[in-house]
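Input: a single structure, listed below in structure tokens.
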Amino acid sequence: EKNILGVNGLGGSIAMSSGKISQNSTYFYRYDTNGAGVVLKNNASFAMSGGEISDNNTYSRGAGVYMEGTESTVPKFKLSGGTIKGNYTQPAIEVVTLGGGVYVGEYAEFTMENNAIIADNRSDGLKGANGGGVYLAAKGKCTMLGGTVSGNNAGYQSGYYDAMGGGVYTDGDLIVKG
């Protein structure tokens with residue numbers, strides 16, 4: 001329960017149907033720290049049909065789940081059940097915080113369906129914050145076929161920066177059906 005799950009191999013995969021990934025943190029106050037709960041890179045894949053990713057904290061992107069690839073190495077995350085809740089990207093001096101629950105970076109693919117829940121996640125920043133629940137970067141792909149995104153928040157702690165997309169913020173390809 002107190003360990004980060006990292007899948008960073010060519011073709012590595014994980015399936016989660018129960019259990020908890022909870023109370024993990026990354027710390028470096030001034031610059032980027034990404035992914036406190038689950039990190040997916042290269043061609044890694046993660047299928048979550050149950051369980052919980054909760055109460056993880058980071059100082060930049062993707063407190064619950066962080067994923068980012070390249071044109072030739074595309075990580076994939078399929079969330080078909082379970083809950084991503086209470087994760088927090090907290091303020092750091094030099095960065096905009098993104099994706100409290102899930103950060104879908106460039107060349108990453110995220111699918112949400114069935115009774116999956118992304119709730120009560122938060123992204124706060126000193127230079128702005130986007131995507132309290134889900135942040136979708138340019139060149140990333142997100143398909144939402146079902147599930148619930150609720151109670152998420154994006155906020156800022158200084159008076160002149162923006163906070164956008166409490167539930168979902170998108171710069172990439174977003175498809176919502178159902």
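Every read-out reported here was derived from the displayed coordinates using simple, explicitly stated rules and does not represent laboratory data. Predicted model only: the values in this text are computed from it and were never measured. Here the Cβ positions follow ideal geometry from the backbone for every residue, glycine too, while neighbour counts run over all protein chains shown.
Numbers at a glance
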quantity	calculated
Mean separation of Cα contacts under 8 Å, 6 or more apart, over the residue count of the range 54-120: relative contact order %	45 percent
Shape category assigned to the range 38-98 from the gyration tensor of Cα positions, a/c cut at 1.5	oblate
Qualifying trypsin sites (Lys or Arg not before Pro) for the range 110-178 [loop in DSSP, other Cβ within 10 Å: at most 11]	K177
Per-residue ³J(HN,Hα) for the range 136-141, Karplus 6.51 cos²θ - 1.76 cosθ + 1.60, θ = phi - 60°, Hz, x for Gly and Pro	10, 7, 4, 6, x, 10
Options A163, V74, G51, ranked by Cα towards positive dipole end of the chain, top entry (Cβ charges)	G51
Peptides 97-106, 55-64, 18-27 ordered by average Cβ neighbours within 10 Å, highest first	97-106, 55-64, 18-27
Rounded if a/c under 1.5, otherwise prolate or oblate - the range 28-178, Cα gyration tensor axes	prolate
Gain in span if fully extended, T143 to T73, counting 0.36 nm per residue against the direct Cα distance	23.3 nm
Amide H within-cut-off set for Y156, under 5 Å, with H built and near neighbours excluded	G125
Neighbour cut-off at most 15 other Cβ (10 Å), DSSP loop, chymotrypsin sites (Phe, Trp or Tyr not before Pro), the range 119-178	Y160, Y161
Nearest-20 debye value, the chain charge dipole, Cβ charges on Lys, Arg, Asp, Glu	200 debye
In sequence order, calculated HN-Hα J values of the range 162-172 (Karplus, 6.51, -1.76, 1.60; Hz; x Gly/Pro)	8, 10, 9, x, x, x, 9, 10, 10, 10, x
Rel. contact order, % - alpha carbon contacts under 8 angstrom, at least six apart, the range 93-149	51 percent
Pairs beyond 25 Å (Cα-Cα), from K76/K139; K41/K78; K141/K177; K127/K177; K76/K127; K20/K127	K127/K177; K76/K127; K20/K127
Under-5 Å amide H pairs with M144, H placed in peptide plane, nonlocal only	M112, I175, V176, K177
nm² value of the averaged projected area, convex hull over the Cα atoms of the range 112-172	4.0 nm²
Mean Cα-pair separation over length for the range 52-178, i.e. relative contact order, pairs under 8 Å, 6 or more apart, %	24 percent
